[in-house]
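Below is one structure, written out as structure tokens; comments come after it.
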Amino acid sequence: MIVPMADAGLELTLRRTVPAARERVFRAWTNADELKQWFAVAEGYTTPIAEVDLRVGGRYRLGMQPPDSSELHIAEGVYREIRPPEKIVFTWRWESMPETERDTLVTVEFIAHGNTTEVVLRHEAFAEAAQRDTHDEGWRGCLASLKRFLGKEV
């Protein structure tokens, strides 16, 4: 049973400035090889699965693995909007909970500020505050990881 995405619900918004040009940051979010290098909720996590079909209607799949574990946490979804290098919008669902978790919606905007980029991440349509808060913690970790990844290139 697929539960449709709700029109309303709880949301979170995070803003981070990263040390790279907007085109570079957009590529880090949309290239499977690069996602494998940085997309993780905390240090020590790896991302052995990154599949990207970057087109409206295309699917993505990201598998994160905690340190010292064979367990994978896999998120999947469909791209709803792609405007290089400005914005991507995609649905989000945990593969391990297809019958209990409804699709949520993630919008990532990339705002150029010279040689840096402000990343504005909005995740919406959560069913409950606990779900939103867990994702808030995870996204904070991912954005910190992105900043470290791109900072190595400076």
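All of the numbers you see were taken from the coordinates with simple rules; none came from a lab. None of these values were measured; they are calculated from a predicted model. Quick reminder, even Gly has a Cβ in these numbers, built from the backbone with ideal geometry, and neighbours come from all protein chains shown.
Neighbour counting of Cβ atoms within 10 Å sorts the residues Met97, Met64, fewest neighbours leading, into Met97, Met64.
Based on Cβ point charges of +1 for Lys and Arg and -1 for Asp and Glu, what charge dipole magnitude is obtained for the chain about its Cα centre, in debye rounded to the nearest 20? Spell out each step's value before the answer.
Values: 20 positive and 25 negative charges, 132 e Å.
Rounded to the nearest 20 debye, it is 640 debye.
Of the residues Thr13, Ser145, Val119, the one whose Cα sits farthest toward the positive end of the charge dipole of segment 10-151, with +1 on the Cβ of Lys and Arg and -1 on the Cβ of Asp and Glu, is Val119.
Summarising the label geometry, the points placed 7 Å from Cα in the beta-carbon direction at Asp133 and Lys152 lie 3.4 nm from one another. Couplings for segment 110-118, taken from phi via the Karplus curve 6.51 cos²θ - 1.76 cosθ + 1.60 with θ = phi - 60°, read 10, 10, 6, 9, x, 8, 10, 9, 8 Hz in order; Gly and Pro are left as x.
Report the full-extension gain for the segment Glu86 to Asn31: residue separation times 0.36 nm, less the Cα-Cα distance, to one decimal in nm.
Details: separation 55, 0.36 × 55 = 19.80 nm, distance 1.51 nm.
The span from Glu86 to Asn31 would gain 18.3 nm if fully extended.
Taking a Cβ cut-off of under 13 Å around Gly58, the surrounding Lys, Arg, Asp and Glu residues balance to a net charge of 0, with basic ones at +1 and acidic ones at -1.
Could you tally the net charge around Ala32, taking each other residue with its Cβ under 10 Å from the Cβ of Ala32, Lys/Arg +1 and Asp/Glu -1?
Working: positive: Lys36, Arg61; negative: Asp33, Glu34, Glu51, Asp53.
Taking every Cβ under 10 Å from that of Ala32, the sum is -2.
Could you tell me the distance between the Cα centroids of segment 110-138 and segment 26-61, to the nearest Å? Segment 110-138 and segment 26-61 have Cα centres separated by 16 Å. Charged neighbours of Ala20, selected by a Cβ distance under 11 Å, balance to +3 (K, R count +1; D, E count -1).
Is the shape of segment 38-120 best called rounded, prolate or oblate, per the rule: a/c under 1.5 gives rounded, else a/b larger than b/c gives prolate, else oblate, with a ≥ b ≥ c the square roots of the Cα gyration tensor eigenvalues? Display every interim value, and only then the final one.
Details: a/c = 2.25, a/b = 1.32, b/c = 1.71.
Taking the square roots of the gyration eigenvalues as a ≥ b ≥ c, segment 38-120 is oblate.
Reported value for segment 10-151: 95 Å³ per residue, from the convex hull of its C-alpha atoms.
How would you rank Arg27, Arg132, going from fewest to most other Cβ atoms within 10 Å of each one's own Cβ? Intermediate values should be presented prior to the final figure.
Values: Arg27 14, Arg132 18.
Ascending number of Cβ neighbours within 10 Å: Arg27, Arg132.
Only helices enter this figure: runs of n ≥ 4 DSSP H residues, each worth -39500 (n - 2.57), summed and divided by the residues of the chain, yield -8000 deg cm²/dmol at 222 nm to the nearest 500. Remark: the Glu95-Ala42 segment gains 17.1 nm on full extension, using 0.36 nm per residue and subtracting the alpha carbon distance.
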